[in-house]
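Report on one structure; see the data block that follows.
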Amino acid sequence: MSANVSLARELTVGATTEPIVAWRAWALTGHRDGTELLHGAPNVDCSCGLHGTHDVEILRRTRCPAVLGRVAFWGRVIEHELGYRAQFGYPQRLTLVCQFCFWLWGPHGTRPAVVGWFQRDELIPFCWPHLEQAQRYGMEPRRLLPADEVDLRLRETYAVDLLAF
């Protein structure tokens, strides 16, 4: 395939003022990423934009699913086989998840009890059994935070309700 050939022919692209609702997972950090793009997102020839999926089960493959939520996308939206990429988005409902439970059992896993604060401001929610297992393998957080408090602060920051299963 030539480097100049676009795969855009197979993508559905549209602009909408009505939100499209999708699933999304986020890593949890103690800082914001100030990355800026050099072109308008989403672009059919790259992977930029806000990502969301049709099905929550797809998110079990994500690298660090600490926060799970439903998001509303609008503006320029590109539909893919597994979900969407959008120009604008905002969370509708959020919840913390123990990423290890989520990988194993999906959204119906155990709710996290604590959030471990690790180097580089990485925050990882854990249920008690997975925290103990992580510590046995050398994952020692600098500090433990109550998951209920972190979850509440997260939802208050975005003024959204709890995502319940």
Original post:
In whole Hz, what ³J(HN,Hα) sequence does the stretch 90-98 give by Karplus (6.51, -1.76, 1.60; θ = phi - 60°), x for Gly and Pro?
Top reply: 8, x, 9, 9, 9, 7, 7, 10, 6
**OP:** Grab the Cα-Cα distance for residue 111 and residue 39, subtract it from 0.36 nm times how many residues apart they are, and report the gain in nm with one decimal.
**Re:** 22.0 nm
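Just to verify a number: FRET efficiency for residue 47 and residue 15, C-beta to C-beta distance, R0 = 25 Å, to 0.05?
That gives a FRET efficiency of 0.80.
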**OP:** Take 84, 158 and order them by how many other Cβ atoms sit within 10 Å, fewest up front.
**Re:** 158, 84
Original post:
Any idea how far the Cα center of the stretch 38-53 sits from the one of the stretch 103-165, in Å?
Top reply: 29
Original post:
For the stretch 8-162, rounded, prolate or oblate, judged on the Cα gyration tensor with a ≥ b ≥ c (square roots of eigenvalues), a/c < 1.5 rounded, else prolate if a/b > b/c?
Top reply: prolate
Subject >> Residues listed by number, the stretch 125-143, amide nitrogen under 13 Å from residue 104 label point at 7 Å toward C-beta >> reply: 126-134
Original post:
Summing -39500 (n - 2.57) over the DSSP H runs of n ≥ 4 in the chain and dividing by its residue number, what mean residue ellipticity at 222 nm do you reach, to the nearest 500 deg cm²/dmol?
Top reply: -5000 deg cm²/dmol
Subject >> Cysteines having no other Cys beta carbon under 4.7 Å from their own, within the chain >> reply: 46, 48, 64
Subject >> Nearest 10 degrees, 0 to 90: helix 147-158 Cα axis against the chain principal axis >> reply: 30
Original post:
What area, in nm² and to one decimal, does the C-alpha convex hull of the stretch 81-161 cast on average over all directions?
Top reply: 7.1
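Bear in mind these aren't lab numbers, they're just calculated from the coordinates by the rules spelled out. Predicted, not measured: the structure shown is a model, and the values here were computed from it. Here Cβ is always computed from backbone atoms with ideal geometry, including for glycine, and neighbour counts include all displayed protein chains.
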